[in-house]
1. Would you mind listing the strands (runs of 3 or more DSSP E) fully within segment 1-116 where at least 3 residues are free of Cβ contacts under 8 Å to residues at least 40 places away in the same chain and not hydroxyl-bearing (Ser, Thr, Tyr)?
2. Give me the residue from segment 125-138 that is of a type outside the set (A, V, I, L, M) and farther than 17 Å from Ala56 by Cα and, out of that set, nearest to the chain's Cα centre (by Cα).
3. Let me confirm something: among Ala16, Ala110, Ala50, Ala5, which residue is small (Gly, Ala, Ser), surrounded by fewer than 19 Cβ atoms within 10 Å (Cβ to Cβ), farther than 15 Å from Leu129 by Cβ and in contact with a helix residue (DSSP H, G or I) (Cβ under 7 Å, 6 or more places away or on another chain)?
4. Consider Gly89 carefully, then state whether it is modelled with pLDDT of 95 or more and on the phi > 0 side of the Ramachandran plot.
5. What are the pairs with Cβ atoms under 8 angstrom where one residue, in segment 136-151, is in a helix (DSSP H, G or I) and the other, located anywhere, is among the small types (Gly, Ala, Ser)? Sequence gap at least six, or different chains.
Amino acid sequence: MDYDAMLGLFRSHRDAEAVRDLDAILATFVDDCYLDTVALGLRSQGRAAARAAYEAYFTAFPDLAPDDEGYAFSENTLVSWGTLRGTSGGDWLGIPPSGRSFAVRFVNVAPMRGELMAGESIYFDLATLCEQAGLPLDELRAVAKVKAQASGSASAG
């Protein structure tokens, strides 16, 4: 896939995220896609699990918005980076919302397979997000660890 095609697909993905169109988000992925939230050690494998992960993020942070500031490409991977902004407005892994906002740096790695994204690995500073948003870091990590162990879907990162 050439760089323009990768960027076009990724921007379509971002546009779908912005309007919370889960079907359009998932249409940018292969069937056996994944969403890897490295900071929590959680990997959602397959369309149903990826949909559930997106629903959970959009519930926890109703205004969640990545601001892509740059891109890098390899033969089959797009990497974006920027600032992730949001407000704790709903339960996140069973942790009640604080109503506080955050702005943290992120890196997103999206390998391509054929004409679609194989998945996404999202890197961000969980401690800073929790500090800014007023969320309990240790409790979130503990809940994520239990969830990863129960599902057998812990990320490699």
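1. On the way: elements: 29-37, 42-45, 65-73, 77-87, 101-113.
So the answer is 65-73, 77-87, 101-113.
2. Just the residues of segment 125-138 that are of a type outside the set (A, V, I, L, M), to begin with: 125, 128, 130-132, 134, 136, 138.
After this cut, where a residue has to be farther than 17 Å from Ala56 by Cα as well, the list is 125, 128, 131-132, 134, 136, 138.
Values: Asp125: 13, Thr128: 16, Glu131: 19, Gln132: 18, Gly134: 20, Pro136: 20, Asp138: 20 Å.
Residue satisfying both the conditions and the ranking: Asp125.
3. On the way: Ala110 fails: surrounded by fewer than 19 Cβ atoms within 10 Å (Cβ to Cβ); Ala50 fails: surrounded by fewer than 19 Cβ atoms within 10 Å (Cβ to Cβ); Ala5 fails: in contact with a helix residue (DSSP H, G or I) (Cβ under 7 Å, 6 or more places away or on another chain).
Unique residue meeting the criteria: Ala16.
4. Numbers: modelled with pLDDT of 95 or more: yes; on the phi > 0 side of the Ramachandran plot: no.
For Gly89, the condition - modelled with pLDDT of 95 or more and on the phi > 0 side of the Ramachandran plot - is not met.
5. That search, which allows pairs on different chains as well, returns Leu137/Ala127; Val143/Gly94; Ala144/Gly41; Lys145/Gly41; Ala148/Gly41; Ala148/Ala154; Ala148/Ser155.
The values are calculated or read from the model by the stated rules, or taken from the named source; none is laboratory data. Bear in mind the structure is a predicted one, so any value in this text is a computation, not a measurement. As a convention, Cβ positions derive from the backbone with ideal geometry for all residues, glycine included, and neighbour counts pool all protein chains shown.
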